[in-house]
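The values are calculated or read from the model by the stated rules, or taken from the named source; none is laboratory data. Remember, it's a predicted structure, so these values are computed and weren't measured experimentally. Glycine also receives a Cβ, built like all others from the backbone with ideal geometry; neighbour counts cover every protein chain displayed.
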């Protein structure tokens, strides 16, 4: 399950703290989506998601505030333009 995506504006310091690639300087707007699983199911490991999403094509020239090289998601350090963060289930 997922919540509707939302656009959140972050400062340059917050962008660095979140872990976006060093290619991205300054403040940016970031799309965020929270995803959960049903009971007794687990999400894949963050490393698996990063591997699966690296080089996946994306649509550009929408409202992004970054230049997306080659119109793909990147999960490598310098050009990282998509992040995955795992948190504990707040419902237990």
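Odds and ends about this structure:
- Apart from one condition, residue 76 fits all of (1) modelled with pLDDT of 90 or more; (2) within 13 Å of the chain's Cα centre (by Cα); the exception is (1).
- Residues located in the range 1-10, provided they are outside any loop (DSSP other than H, G, I, E, B) and free of Cβ contacts under 8 Å to residues at least 40 places away in the same chain: 2, 6, 8, 9, 10
- Counted residues, the range 46-62 - those being part of a loop (DSSP other than H, G, I, E, B) and within 14 Å of the chain's Cα centre (by Cα): 4
- Close pairs from the range 76-92: first more than 15 Å from residue 37 (Cα to Cα), partner modelled with pLDDT under 85 and in a loop (DSSP other than H, G, I, E, B), Cβ under 7 Å, at least 6 apart: 81/66; 81/68
- For the range 11-42, a residue qualifies if it is assigned to a loop (DSSP other than H, G, I, E, B) and touching a strand residue (DSSP E or B) at 6+ places or on another chain (Cβ under 7 Å), and the qualifying residues are 27, 33, 34.
- Note on the range 11-68: among residues that are touching a residue at least 40 places away in the same chain (Cβ under 8 Å) and closer than 14 Å to residue 81 by Cα, the one that is surrounded by the most Cβ atoms within 10 Å (Cβ to Cβ) is 20.
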